[in-house]
Every structure is written in C-alpha cells, then in structure tokens.
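Below: the structure, in structure tokens.
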Amino acid sequence: MRIPCPYCGPRDAHEFTCLGDATLTRPDPAAPDAASAFHDYVYRRDNPAGPHRELWYHGGGCRSWLEVTRDTRTHAITDARFAADRSSAAQGTEDRP
Amino acid sequence: MRYSFLSLLANAVSGQRLWTPAWRDAAPKPSYDAVIVGGGGHGLATAYYLAKEHGLHNIAVLEKGWIGSGNAGRNTTIIRSNYGLPGNIPFYEWSMTLWEGLERDLNYNTMVSQRGILNLYHSDPQRDAYARRGNAMRLHGVDAELLDREQVRAMLPFLNFDNARFPIQGGLLQRRAGTARHDGVVWGYARAASRLGVDIVQNCAVTGFLRDGERIVGVETSRGPIHAPKVGLAVAGHSSHVAHMAGLRLPIESHVLQAFVSEGIKPLIPNVITFGAGHFYISQSDKGGLVFGGDIDGYNSYAQRGNLPVVEDVCEGGMALMPRIGRLRLLRGWGGVMDMSMDGSPIIDRTPIPGLYLNAGWCYGGFKATPASGWCFAHAIARDEPHPAAAAFRLDRFATGHLIDEKGVGAQPNLH
Ligand SMILES: Cc1cc2nc3c(=O)[nH]c(=O)nc-3n(C[C@H](O)[C@H](O)[C@H](O)COP(=O)(O)OP(=O)(O)OC[C@H]3O[C@@H](n4cnc5c(N)ncnc54)[C@H](O)[C@@H]3O)c2cc1C
Ligand SMILES: [Zn+2]
C-alpha cells in the first residue's frame with residue numbers, strides 16, 4: 001500500500017500511522033445529551049466495507065496529518081489531502097458530517 | 001456413525017467404504033426456533049450447546065460461504081487462559097476446561113495439545129507485570145509459573161538470550177495452554193451439532209432482517225426468508241456490517257491480521273513462545289511448519305490480506321528472538337478480518353432489539369474462546385440472561401464505563 005502524500009508524493013505505508021475514522025466530530029460537552037453523544041463519538045464506528053475516510057500521520061516524512069479516502073475491501077486509495085485543509089473547509093461552507 | 005476403535009476396524013477390513021459424511025449439508029427450512037448467523041467456530045459451538053444443554057433441536061446455522069471459511073480456518077490455533085482481569089479470567093478458564101474434555105464430548109479429534117505457552121519478559125517492569133498477571137491467574141485457580149532466565153534456557157536453549165536491547169530475563173508459563181486443530185474444531189462442532197438435529201446451511205448469506213414492529217422475527221437470506229423468534233449473530237469480522245442491517249452501530253472496527261507458516265522441519269519448538277519486546281508469537285504444527293504472526297496491520301480492512309510493513313515487522317521480531325529461523329523459507333502467508341472491539345474484549349449479550357443476540361468483538365483471540373463462547377452465547381439465547389462466566393461481556397459496558405481493557409491502551413482498536 002502506498003499513500004499519495006500531497007507534500008511528499010507517493011510513499012510506502014510503513015512511513016505512516018493510522019488513527020482511524022476521520023468523519024467523527026467531537027460533541028459539545030455542554031449539550032444536554034453530552035454523555036450519550038460522547039459514547040457515540042468515543043466508542044461507536046460505522047466501520048464500512050467500502051470507501052472509508054481516515055486520518056493518517058506521515059511520521060516518517062513531512063509529519064503532516066492527512067485525510068485519506070481508502071476502500072476497506074481493496075485498500076485502493078482514491079484521495080489524500082492535508083487534514084488541516086479539511087478542518088478549515090469544515091468551518092467554511094463544505095458540508096461535512 | 002460414532003467414531004471408535006470398532007468403526008476404524010470395520011472400515012479397515014471393508015476398504016474404507018462404510019464411512020458416512022461427517023455432518024449433514026442441509027437445505028434451509030422456512031422457520032426454526034432459533035437461527036445462528038455465521039458458521040465459524042463460535043456459531044457452530046453455539047448451535048451445539050443450544051441443542052445439547054438447552055434442548056433446542058429445531059435450529060439452524062446459516063453460513064454465507066462454507067463453514068470454517070472465516071477466521072476459524074485462518075487462525076494460529078493458540079489456546080490459553082492466561083488473562084489478568086477479573087471479567088476475563090473465569091471465562092477463558094471455563095473455555096480451557098471445555099477444551100480439556102472436548103474430544104470426548106464431541107467424539108472428534110480436535111487435536112488439543114497442551115504443550116504450554118511461554119510469554120517472555122525482557123525487563124524488570126515487565127517481570128513485575130507478568131508476576132502480577134500470574135498471581136491473578138493463580139488466585140482464580142488457573143495454572144501459572146514465573147520462570148527465570150536459567151529455567152527458560154533449560155527449556156528453550158536456542159533463543160537469543162543476549163540480545164543487546166532485549167535480553168531474555170525469564171517468562172510466564174501456562175503449562176495447560178497449547179494449540180488445537182482449527183478445522184478439526186469446526187468440523188467436530190458441526191458434526192456433533194448435526195447429530196443432534198441442527199441444520200447446517202452453507203452458501204446462505206444473511207442480507208437483512210424480518211421485523212414485527214421492533215422485534216426481529218427472522219432473517220432475509222440469499223436462499224429466501226427464514227423465520228425464527230431468536231436470531232444470534234456470530235459473524236466475527238462482519239459484525240458491524242450485519243448488525244447495521246438491524247440498525248445497530250457497534251463499538252467495533254474490522255482490521256486485518258496476518259499469519260505465516262514456514263516449510264516443514266523436524267521438531268524444533270516444543271510449545272508456544274511469545275516475544276515480549278515486540279509482537280511475535282510462534283509454535284510448530286504437527287506437520288512441522290513453524291506457524292507465526294504478530295500485530296494487526298492497524299487500519300480498517302475487509303480485504304483478508306495485509307501489507308508488507310507488518311510482514312517485515314513480524315520477521316524482525318522472529319529474528320530478534322530466534323535468529324536460527326532466518327534461513328527457513330516461508331510457505332504461505334494469509335490474512336483474516338478481525339472484529340476489533342474498542343476495549344479489546346468481546347461482547348456476548350442480548351441487544352436492545354428484542355429477538356436479536358450478539359456475539360462479537362473477539363479481536364485476534366477468539367479461537368481459544370470457541371467452546372466457552374458457544375456455551376455462554378447458547379445460555380444467553382436460550383435463557384435470555386447472561387451466563388455468569390460471560391456476565392462482564394456486556395454491549396452497554398462502553399456506555400456505563402465498565403470496560404475490560406487487558407492492555408490498558410484505551411478506545412483505540414489498532415493498539416489492542
Ligand atoms: C491470522 C489469524 C490468527 C489468529 N490466531 C488466533 C490464535 O492463535 N488464538 C486465538 O484464540 N484466536 C486467534 N485468532 C482469532 C480467531 O480466529 C477469531 O477470533 C475467531 O475465529 C472468531 O470466531 P469464529 O470462529 O466464529 O469466526 P469466523 O470463522 O470468522 O466465523 C464467522 C462466519 O460468519 C460468516 N458470515 C459473515 N457474514 C455473514 C452473513 N451476512 N451471512 C451468513 N454468514 C456470514 C463468515 O463467512 C464466517 O464463516 C486469529 C485470527 C486470525 C485471522
Ligand atoms: Zn508527507
């Protein structure tokens with residue numbers, strides 16, 4: 001498996017560490033349903049068989065956090081971008097769960 | 001046919017023509033008293049104990065491929081009960097007890113071999129941790145012995161004791177642990193269940209659930225709908241996917257674990273050895289191949305195959321532990337899809353949906369659990385209450401905070 005880092009180019013997977021699901025958003029701790037929202041956030045996962053957006057850290061390269069879209073059935077990677085761009089986009093108009 | 005010395009003899013003198021199929025490959029009936037989804041070790045054991053211990057004979061196991069095609073036929077066959085936490089110890093020890101009588105009970109050779117497992121330690125803090133785990137085991141009546149370096153050397157003189165970074169200082173030994181033949185376990189349970197009237201239905205994938213309001217009253221399958229007031233899921237790596245069809249979102253990620261076997265050699269490794277400074281474990285099969293593995297790959301996967309970084313990592317672990325295996329050739333490597341739970345421990349429970357029962361979250365350690373998992377899941381399904389030995393394996397423990405985190409690494413499946 002090779003991950004196309006937007007900064008370093010395609011690099012072997014062993015340079016990276018996987019954190020997991022990138023679609024989770026930290027709930028508001030002050031919300032009335034915070035306990036159950038945190039239970040979902042910390043423990044429950046969609047765990048799809050198919051395209052999966054996930055966070056990878058390029059520790060053996062540019063040390064950036066990436067958001068990678070990868071098919072869990074084939075390991076084919078269709079997209080890789082800086083996670084930092086993703087969070088600024090998330091605060092903007094782009095629709096994210 | 002019951003297997004015995006007489007059945008062997010009868011077949012020996014009749015040209016082996018009297019053997020009958022070990023179990024019935026059944027066609028699905030429109031309804032059952034209960035169905036178990038997943039024909040791995042756990043599903044088949046559950047059906048067997050439902051029939052034997054709870055008198056439910058009108059039941060079926062539905063398997064999407066062939067029985068044992070999942071992790072039951074892909075694991076490295078280690079059985080042990082050397083756990084350290086109160087929720088785990090009684091359960092795995094009950095499993096070990098069942099293993100010890102399994103062949104007689106099933107009338108099938110599952111090749112249970114109590115050759116022992118030795119967990120090596122390489123530092124003082126690790127020795128303390130192993131001593132603590134050994135003491136916890138002994139307080140629960142489980143056998144454990146803490147060996148020092150010289151005792152380990154007497155047992156396994158070929159290990160690399162003076163590795164500069166990770167010298168071997170000793171190990172925690174469980175003599176009653178060992179290995180069993182994985183396919184034999186699958187076929188043994190299938191045969192014993194089939195003899196009690198259980199239908200084993202292959203090529204029958206569950207594709208949805210039949211509902212009556214909230215309640216689940218059966219399953220949709222690739223071979224038509226099947227009605228049953230009780231449905232038990234034992235689909236291991238596919239738990240999230242199947243539970244999702246019922247509207248449940250589980251505390252599970254599916255990850256790939258690889259394993260390897262070398263060419264066959266003369267007897268070298270007398271037991272199961274685990275390296276304490278990396279993740280590497282090894283034993284030798286009865287055919288002579290060295291069977292070994294290490295960490296999961298670390299990313300979500302349903303692919304049943306892994307990548308090279310872990311192959312390299314496993315081989316480095318092996319070379320650090322016993323350099324003499326360096327010239328062996330690798331015969332095969334493969335992968336299986338693990339249902340990694342968020343605390344590394346399993347779930348055997350009812351679900352919030354009436355009629356639906358869940359057996360999942362076995363991570364890379366569910367083979368050893370096969371007998372007790374079947375025993376306790378059958379109990380939960382038949383009696384609608386948890387079995388005492390599995391009472392801690394609740395689905396709601398993640399909400400209530402009663403996690404069972406043997407490794408203490410937190411809600412991070414790829415670290416368990
Ligand atoms: C490489 C490797 C090494 C391992 N080593 C060990 C070890 O040394 N010791 C140990 O204790 N454990 C080990 N394990 C873990 C152990 O194999 C598993 O935890 C255990 O086998 C899981 O239970 P099972 O046997 O029921 O699973 P499986 O055999 O995977 O059974 C699940 C079944 O469900 C079926 N299924 C899935 N979806 C559907 C559907 N929709 N409809 C119908 N059927 C479906 C699958 O086809 C499969 O046959 C290892 C696993 C792997 C992959
Ligand atoms: Zn990079």
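The numbers here are math on the coordinates, done by the rules we state, and not lab data. Predicted model only: the values in this text are computed from it and were never measured. No Cβ is skipped: glycine too gets one built from the backbone with ideal geometry, and neighbour counts run over all protein chains shown.
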Tell me the trypsin sites (Lys or Arg not before Pro) within the stretch B:349-409 that lie in a loop according to DSSP and have at most 13 other beta-carbon atoms within 10 Å.
B:Lys407
Rounding to the nearest 10 and keeping the result within 0 to 90°, find how far the Cα-based axis of helix A:34-43 lies from the longest principal axis of chain A.
20
With an 8 Å Cα cut-off and a minimum separation of 6 or more residues, compute the relative contact order for chain B in percent.
22
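Can you work out D for the stretch A:1-70 in µm² s⁻¹ from Stokes-Einstein, where Rh is the Kirkwood radius over C-alpha pairs, the temperature is 4 °C and the viscosity is 1.567 mPa s? Spell out each step's value before the answer.
On the way: Rh = 13.6 Å.
Here the translational diffusion coefficient equals 95 µm²/s.
Once every DSSP H run of n ≥ 4 in chain B is given -39500 (n - 2.57) and the sum is divided by its residues, what mean residue ellipticity at 222 nm do you get, rounded to the nearest 500 deg cm²/dmol?
Working: 10 runs with 116 residues, N = 416.
Roughly -8500 deg cm²/dmol at 222 nm, from the helical runs in chain B.
Under the definition of Cα pairs under 8 Å and six or more residues apart, what whole-number percent is the relative contact order of the stretch B:1-101? Provide the component values of the computation, followed by the final result.
Working: 73 pairs, mean separation 19.4, N = 101.
So the answer I get is 19 percent.
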Counting DSSP beta bridges with both partners in chain B, what percentage is antiparallel, nearest 5?
75
Once phi is turned into ³J(HN,Hα) by the Karplus curve 6.51 cos²θ - 1.76 cosθ + 1.60 with θ = phi - 60°, what whole-Hz value does each residue of the stretch B:248-258 show in order, with x for glycine and proline?
9, 10, 9, x, 9, 10, 8, 10, 9, 10, 9
Long-range amide H partners of A:Cys5, meaning residues 5 or more apart or on another chain whose placed amide H is closer than 5 Å, are A:Arg11
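For the stretch B:141-201, just run the numbers: alpha carbon Rg, then divide by 2.2 N^0.38 Å, N being how many residues it has. Walk me through the numbers on the way to the answer.
Values: Rg = 20.1 Å, N = 61, 2.2 N^0.38 = 10.5 Å.
Taking N as the residue count of the stretch B:141-201, the ratio is 1.92.
How shielded is B:300-306 by partner chains, expressed as the average number of their Cβ atoms within 10 Å of its Cβ atoms? Don't jump to the answer; show the numbers that get you there.
Details: counts 13, 9, 10, 7, 1, 2, 2.
Going residue by residue through B:300-306 and averaging, the value is 6.
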Work out how far the C-alpha atoms of the stretch B:169-318 reach from end to end along every principal axis, then list the three figures in whole Å, largest first.
60, 38, 28
Give me the distance in nm between label points sitting 7 Å out from Cα along the Cα-to-Cβ direction at B:Ser7 and B:Leu210, one decimal.
3.4
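Given R₀ = 41 Å, what would the calculated FRET efficiency be for B:His227 paired with A:Ala83, taking r from the Cβ atoms and rounding to 0.05? Could the numbers behind the result be given before it?
Values: r = 48 Å, r/R0 = 1.17.
After rounding, the FRET efficiency stands at 0.30.
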Backbone N within the stretch B:259-276 under 12 Å of label point (7 Å from B:Asn163 Cα along the Cβ vector)
B:274-276
Restricted to Cα positions, what overall size does the protein assembly as shown have along the principal axes? Three whole-Å values, descending.
77, 65, 44
What's the extension gain from B:Val311 to B:Ser14 if we count 0.36 nm per residue and subtract their Cα-Cα distance?
102.1 nm
At the level of C-alpha centres, the distance separating the stretch A:19-37 and the stretch B:200-230, in angstrom, is 34
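Would you kindly state how much longer the chain becomes between B:Arg132 and B:Asp384 on full extension, computed as 0.36 nm times their sequence separation minus their alpha carbon distance, in nm to one decimal?
Numbers: separation 252, 0.36 × 252 = 90.72 nm, distance 3.56 nm.
Once the chain is fully extended between B:Arg132 and B:Asp384, it gains 87.2 nm.
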Per Stokes-Einstein, at 25 °C and 0.890 mPa s, what whole-number D in µm² s⁻¹ belongs to chain B, with the Kirkwood radius over Cα pairs as the hydrodynamic radius?
111
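Which value in Å does the Kirkwood hydrodynamic radius of the stretch B:257-416 take, with 1/r averaged over all unlike C-alpha pairs and then inverted? Could the numbers behind the result be given before it?
On the way: mean 1/r = 0.0569 Å⁻¹.
By the Kirkwood definition, the hydrodynamic radius is 17.6 Å.
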